[in-house]
Structures are given as structure tokens and as C-alpha cells.
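**Student:** A single structure is presented below for examination.
The values are calculated or read from the model by the stated rules, or taken from the named source; none is laboratory data. Computed from a predicted model, the values in this text were never measured in an experiment. Cβ coordinates were reconstructed from backbone atoms using ideal geometry, including for glycine residues, and neighbour counts include every protein chain displayed. Heads up: the accessible areas ignore ligands, DNA and RNA and are worked out on the full protein's heavy atoms, side chains in. Shrake-Rupley method; radii C 1.70, N 1.55, O 1.52, S 1.80 Å.
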Amino acid sequence: GSADWLGKRATQEDTHVLTSFSAAPRDSGGEGGASTYVLAACFDGHRGPRASLHAASALPAAVRDAIRAGEPSPLAAAWRAVAQSYGEGGEQDGACASMALVRQDGLCEVVNCGDCRTVLCARGEGGGEGG
């Protein structure tokens, strides 16, 4: 699940994305097939919501494209592509971001840009519920 809070601002500048999808590198040759991924990201908009809305809209497809291209760090490659595409528009606002991409086998890539923070938690032995 996810939630957001406006706080004391007049407008909401932040947004998030939480989605799952399947993808495989183009050259996987059928070995192992597609993996299932969960993408979670929070975007802290600065000077307006445009950059954070663009990031939330563009990031999922950019991650899938990076996985298909065989990028070793698909989330980092996707974030660079999203930031570059927004920067080409000449806007004077921006967004900080905290993102995680988790593959079905548990491999996790975390990318942080700016003053955001990511906290990873897991259920299990000594880890709270289910432990």
C-alpha cells in the first residue's frame, strides 16, 4: 500500500508509484524467462508537481526498457533516462527521489537522488510480524 500527506503546503508536489510487472532481457534466449519485479518509488517535488508527476509516469516503462536492454543496474539507468527526458523540456522545477526495484528472487536495487531516504524492512526471524 501507499499513502501521501499534503502537510502545510497549499498544493501537493510529491507523488509515488507502486507497481509490479514481468520483464526479461531481450538476449535471455529463453533461459530462465521473464522475472517478476516490484517497483516502489517516492518523488519529492520541488517548485511544483511537474517533475514528480513526470517521474511517476515515465519510470515504470523506463525500468522495463532497461531490463530488456540488459542493463546491469536497470533502476539507475531508468532514472538517468527519466531525468534527462524531463531536463530537455527546460523546466525550472525538479524532484528528489527514493526508489527500489525488487526482483522475485529477492535481488533489490535501491536508487536515491537528493534528500530522500529509503528504509528497507523484511519479515522473518526477529523481524517483527511473521518472525
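**Student:** Counting just the residues of the range 46-78 that are in a helix (DSSP H, G or I) and either of a type in the set (Ser, Thr, Tyr) or at pLDDT below 90 (or both), which one comes out surrounded by the fewest Cβ atoms within 10 Å (Cβ to Cβ)? Steps first, please.
**Tutor:** Here is the first cut: in the range 46-78, the ones in a helix (DSSP H, G or I) are 50-68, 74-78.
Retained after the next criterion (residues that are either of a type in the set (Ser, Thr, Tyr) or at pLDDT below 90 (or both)): 50-57.
Values: Arg50: 17, Ala51: 27, Ser52: 26, Leu53: 18, His54: 21, Ala55: 28, Ala56: 23, Ser57: 12.
Out of the qualifying residues, it is Ser57.
**Student:** OK, next. Out of all the residues in the range 81-111, which are part of a strand (DSSP E or B), open to solvent by less than 50 Å² (accessible area, probe 1.4 Å) and of a type in the set (Val, Ile, Thr)? Outline the logic, then answer.
**Tutor:** Applying the first criterion (part of a strand (DSSP E or B)) to the range 81-111 yields 94-103, 108-111.
From the residues that got through so far, the ones that are open to solvent by less than 50 Å² (accessible area, probe 1.4 Å) too are 94-101, 109, 111.
The answer is Val111, and nothing else.
**Student:** In this structure, does Ala122 turn out to be modelled with pLDDT of 90 or more and surrounded by fewer than 20 Cβ atoms within 10 Å (Cβ to Cβ)? It would help to see each step written out before you state the result.
**Tutor:** Working: modelled with pLDDT of 90 or more: no; surrounded by fewer than 20 Cβ atoms within 10 Å (Cβ to Cβ): yes.
So Ala122 fails the test.
**Student:** Out of all the residues in the range 1-15, is one or more at pLDDT below 65, under 18 Å from Gln104 (Cα atoms) and of a type outside the set (Gly, Ala, Ser)?
**Tutor:** no
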